[in-house]
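Worksheet: the structure to be examined is printed underneath.
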Amino acid sequence: MASQGFDVIVIGAGPGGYVAAIRAAQLGLKVAIVEREHMGGICLNWGCIPTKAMLRSAEVFHLMQRAREFGLKAEGIGHDLDAVVKRSRDVAKQLSGGVAHLMKKNKITVVMGTASLPARGRVSVRTDKGTEELTAKNIILATGARARELPGLEADGDLVWTYKHALVPPRMPKKLLVIGSGAIGIEFASFYNTLGAETTVVEVMERILPVEDAEISAFAKKAFTRQGMKIMEKAMVKQLDRGKGTVTAHIEAGGKVEQHAFDTVISAVGIVGNTEGLGLEALGVKVDRTHVVTDEYCRTGVDGLYAIGDIAGAPWLAHKASHEGVMVAELIAGGHPHPVKPESIAGCTYCHPQVASVGLTEAKAREKGHEIKVGRFPFIGNGKAIALGEAEGMIKTVFDAKTGELLGAHMIGAEVTELIQGYVVGRQLETTEEDLMNTVFPHPTLSEMMHESVLDAYGRAIHI
């Protein structure tokens with residue numbers, strides 16, 4: 001097949017790749033995108049979006065069980081896991097179709113197949129119809145990542161699941177073990193626990209949600225334990241003995257190994273970059289622990305070759321990938337974009353209660369030598385939270401004592417994944433405590449707690 005020439009070829013149509021392609025097309029470049037599986041990538045099809053749809057079902061189920069608190073009657077409440085999953089898949093399908101439509105609208109050439117880079121500026125795509133050769137001066141790698149599998153703990157789709165199996169479960173778990181308490185592990189633990197699975201979470205680090213502020217992790221642990229979860233920290237699953245319909249997990253904690261029986265295990269122990277089979281080594285691209293090494297502008301050091309999103313390292317978040325995609329497209333088109341700062345990217349976990357954060361934790365701020373002021377405000381002091389029946393949570397802010405710079409914000413409670421953006425914008429605009437104190441927050445809203453948390457850092461909180 002004759003080779004086709006483009007200005008930019010994007011490999012991978014996830015939230016990094018498809019956004020990079022759209023922005024490059026908007027800037028007048030001729031763009032092709034290569035995708036081997038689904039438009040929208042893991043995020044839309046097997047990640048962010050379908051999990052949120054499932055967690056929403058769990059949230060509504062939880063609220064239905066609390067109907068009496070709100071003066072409502074709801075009897076004979078139950079759930080249909082197949083219907084919950086179907087809704088989640090329909091949501092994913094709708095969005096994936098939306099991405100395909102955006103490609104068409106922006107006149108982006110879509111090539112479905114598996115890409116490799118035989119030489120600089122060249123992409124070879126293995127499709128159903130054979131091999132297609134594409135050329136471009138600029139190539140953006142956006143191949144994403146997949147679940148890390150630990151030896152002996154590999155998924156089989158029956159007893160041991162990855163996130164993919166957990167999104168289309170063959171059955172409802174009765175006794176569930178979740179290995180890993182990052183965002184993915186905790187979200188699935190939260191979902192299945194709410195629907196009635198007896199859930200145990202094992203975390204190798206000293207606390208669950210290890211990237212979050214220690215106080216938020218402790219708050220989350222208490223909340224999850226109250227919901228009936230068993231949380232094991234500083235613990236490790238050494239082996240899994242698979243039987244008929246049962247798995248015996250050997251869990252080491254506090255120097256001794258105990259055996260526990262489960263019917264389902266979800267492994268959520270991190271991710272591995274999709275770097276194989278692309279021909280990166282031959283091109284001279286540096287790969288460190290399955291991730292492509294880049295500079296702050298996502299350049300790989302090989303002329304005209306960029307890497308964005310999960311393949312380019314932490315934080316492994318869709319919105320980071322999208323933003324890098326826009327930045328790289330603008331760079332290629334001759335613009336002067338700002339590099340993406342990892343510490344300005346918010347992390348959101350959609351468990352119950354929700355967790356959200358941006359910037360430095362209290363410990364990290366001290367470690368970096370900042371003299372700090374810390375403010376806290378509890379949900380119980382907020383009128384809207386009490387009216388919603390969501391009085392469990394807190395908002396914590398960390399400021400530089402000398403300059404008043406907002407170093408970090410950490411939240412747990414209802415809808416904090418929506419609230420965090422206020423602090424993200426504040427940090428982007430280089431706001432100080434004074435700006436935030438002088439901002440008038442609307443009443444009654446959950447956002448007032450953000451104001452109060454700032455005031456508290458300076459001994460001025462009103463409602464505590």
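Residues in region 50-62 include at least one that is under 30 Å from Glu390 (Cβ atoms), without any contact (Cβ under 8 Å) to a residue 40 or more places away in the chain and surrounded by fewer than 17 Cβ atoms within 10 Å (Cβ to Cβ). Screening Ser453 with (1) under 24 Å from the mean Cα position of the chain (by Cα); (2) among the small types (Gly, Ala, Ser); (3) buried (at least 20 other Cβ atoms within 10 Å of the Cβ) gives one miss only, at (1). Checking the structure you have, find out if any residue of region 38-50 is more than 19 Å from the chain's Cα centre (by Cα) and among the aromatic types (Phe, Trp, Tyr). Checked region 38-50: no residue is more than 19 Å from the chain's Cα centre (by Cα) and among the aromatic types (Phe, Trp, Tyr). Within the option set Ile271, Ile186, Ile179, Ile208, being open to solvent by 20 Å² or more (accessible area, probe 1.4 Å), of a type outside the set (D, E, K, R) and in contact with a helix residue (DSSP H, G or I) (Cβ under 8 Å, 6 or more places away or on another chain) holds for one residue only, Ile271. With the requirement that a residue be more than 11 Å from Ala409 (Cα to Cα), open to solvent by 20 Å² or more (accessible area, probe 1.4 Å), among the β-branched types (Val, Ile, Thr) and assigned to a strand (DSSP E or B), what does region 327-386 give you? Scanning region 327-386 gives a single hit, Ile372. Considering the conditions (1) in contact with a Leu (Cβ under 7 Å, 6 or more places away or on another chain); (2) among the charged types (D, E, K, R); (3) without any contact (Cβ under 8 Å) to a residue 60 or more places away in the chain, Lys341 is excluded by exactly one of them, (1). Within region 27-49, being under 21 Å from Ser96 (Cβ atoms) and surrounded by fewer than 18 Cβ atoms within 10 Å (Cβ to Cβ) holds for Arg36, Glu37.
The residue that is nearest to Ile395 (Cα to Cα), among those in region 429-449 that are touching a residue at least 60 places away in the same chain (Cβ under 8 Å) and within 28 Å of the chain's Cα centre (by Cα), is Met449. The sole residue among Ile179, Ile186 that is under 24 Å from the mean Cα position of the chain (by Cα), under 17 Å from His250 (Cα atoms) and modelled with pLDDT of 95 or more is Ile179.
Selection of region 221-263 for residues being surrounded by fewer than 17 Cβ atoms within 10 Å (Cβ to Cβ) and among the hydrophobic types (A, V, I, L, M, F, W, C) yields Met236, Ala253, Val257, Ala261.
When we screen Thr290, Thr294, Thr199 for residues that are out of contact with any helix residue (DSSP H, G or I) (no Cβ under 8 Å at 6 or more places or on another chain) and either without any contact (Cβ under 8 Å) to a residue 60 or more places away in the chain or surrounded by fewer than 19 Cβ atoms within 10 Å (Cβ to Cβ) (or both), the only hit is Thr290.
The values are calculated or read from the model by the stated rules, or taken from the named source; none is laboratory data. Please read all numbers here as calculations on a predicted model, not as lab measurements. Ideal geometry is used to build each Cβ from the backbone, glycine not excepted, and the neighbour counts take in all protein chains shown. Surface accessibility is based on the protein's heavy atoms, side chains included, excluding ligands, DNA and RNA. Shrake-Rupley method; radii C 1.70, N 1.55, O 1.52, S 1.80 Å.
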